[in-house]
Amino acid sequence: MADRYLHLTGTAPGRFLTRRLGLPQPAPLRRWTLETPRLEGPLLHLTAGASAVTGVAEALSRSGLPVVGDTDRPAAIVLDATGVTTAAGLGDVHAALHPVVRSLAPGGRIVVLGTVPSPDDHHQAAAQQALEGFVRSLGKETGRGSTVQLVRIPAGGAARAAESTLRFLLSPRSAYVSGQVIELTAATPTPGPAADPAAPLTGRTALVTGAARGIGAAVASVLARDGARVIVLDVPGAREELERTADRLGATALPLDITAPDAADRIAAAVPDGLGVLVHNAGITRDRRLANMPADRWASVIEVNLDSVLRTTDELLEAGVITRGGRIVATASIAGIAGNTGQTNYAASKAGIIGLVRSLGPRAAADHGVTVNAVAPGFIETKMTAAVPLFIREAGRRMNSLSQGGLPVDVAEAVAWFAQPDSTAVNGQVLRVCGQSLLGA
Ligand code: NAD
């Protein structure tokens, strides 16, 4: 559904009126297109104190942006704050960013590099945790479609592990991601021939559940754009829509209810050469307050959104169907973080997804060479949110730092970042794609 308010504030009279009334001023977001694949302008590389990781300059030089030490109009700013280990050291963060933050171009990016707060050094932990509050506040201040994130690299580690993450965050692909903290592991990408930057998923098979429409169809489209052979799965009742989506993307349709007892076997049979990317996107809502919720509404949501994800993940991993270097991406929701009236079942299922990825991620990497992550979408413009009553819909759209809803492609770009062959250090993470929603902030 069109966001008429966003159009209104894009006109001169509309902007005048809404400013006078003190209403939110959403900036149109610049998303990835073939014609605009990267940010326009230089990347300003700053350091607060001495760096505690190696290879930051090299990693930034591969971000696709020209890196400079001084400019009056940066498209992106990366502040290396990995060496900040004391409260006094936080002064260096202020000193580095205070003079330049106003010069960031509209739709710009700020990424602060930090390290993991130490369980053994409470001064270091305090200073590094302070960066989280700093980033989340700056995300609420920058405006004009700009975003701010914190990326933690293990102290003493190599920034090489952060390359795929920096490429994503410093590009139009992360337009609706802000205020996020991403904690990388020390795992470095498996050596091998560098992936084709225009089609990094070439040679991989990706399967997306719930992909007849909405977010799932967008995920399938972006994975196909990135070179994957794609299989789109949806319930047999959605067969026609599924086949239309498959035809449009040059994908293969697999009509299958993901809750079927033999779902994992049917998926395995459809991918004789194994599966490189598995995206659990299928999801349903059956809203009622708990006092009015019959057991069947509770059970169906837990079954589709959580239990079938646990079951198929376990079976496909154990059977070796997901190949080494493979990626599992599940779909949570900010409802699973913030909770929502009428959604005890849905929020429980989506919080369960967060528990799943945090617990399984490290073990799946150790035992199978597979990463497990989740996206947690906020308010995304789909059929589901178009059905929400007008005032609640408007509140959902505006209650975030970017003052607008996201698009299915925003979630899809985040999934594609998890799926990158060199995203090996991204594991057990939950990325909110919510424009820094106030809900559960
Ligand atoms: P949607 O209803 O448009 O699409 C969901 C798809 O999943 C449908 O095509 C449906 O047929 C399919 N599906 C449902 N049950 C299935 C089953 N048992 N087996 C196979 N397929 C099944 O929803 P959407 O808005 O595109 O949401 C996609 C995912 O994102 C869901 O997991 C949803 O919970 C999550 N999400 C969406 C939003 C949002 O704002 N739209 C916000 C947070 C999370």
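Below, the figures for the structure above:
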| read-out | value |
| --- | --- |
| Estimated inter-spin distance, THR71 and GLU35, nm [label 7 Å along Cα→Cβ] | 2.2 nm |
| Amide H partners (placed H, <5 Å) of THR71, local residues excluded | none |
| Low-density loop positions, GluC sites (Glu not before Pro), segment 20-118 - DSSP coil, at most 14 other Cβ in 10 Å | GLU35, GLU40 |
| Structure-based [θ]222 nm, the chain - -39500 (n - 2.57) summed over DSSP H runs of at least 4, per residue, nearest 500 | -10500 deg cm²/dmol |
| Distance between segment 102-148 and segment 349-410 - C-alpha centres, whole angstrom | 21 Å |
| Contact order normalised by residue count of segment 205-433, Cα under 8 Å, 6+ apart, percent | 21 percent |
| Residue among LEU23, TYR5, LEU46 farthest towards the positive dipole end of segment 1-48, charges placed on Cβ | LEU23 |
| Dimensionless Rg ratio for segment 10-109, taking C-alpha atoms and the 2.2 N^0.38 Å reference | 1.36 |
| Relative pair counts by distance (%), Cα atoms of the chain, 10 Å bins | 4, 21, 32, 26, 14, 3, 0 |
| Spatial extent of segment 31-183: Rg and Dmax, with the Cα atoms as the point set, Å | 14.3, 49 |
| Distance from segment 2-60 to segment 412-430 (C-alpha centre basis), Å | 22 Å |
| Amide H contacts under 5 Å for GLY107, placed H, 5+ residues apart | GLY145, SER146 |
| For segment 242-316, radius of gyration divided by Kirkwood radius, i.e. Rg to Rh on alpha-carbons | 1.05 |
| Centre separation in Å (Cα based) which lies between segment 288-348 and segment 254-272 | 17 Å |
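Bear in mind that the values in this text are calculations on the coordinates, not laboratory data. Bear in mind that the values here come from a model prediction, so they are computed numbers and not experimental data. Cβ coordinates were reconstructed from backbone atoms using ideal geometry, including for glycine residues, and neighbour counts include every protein chain displayed.
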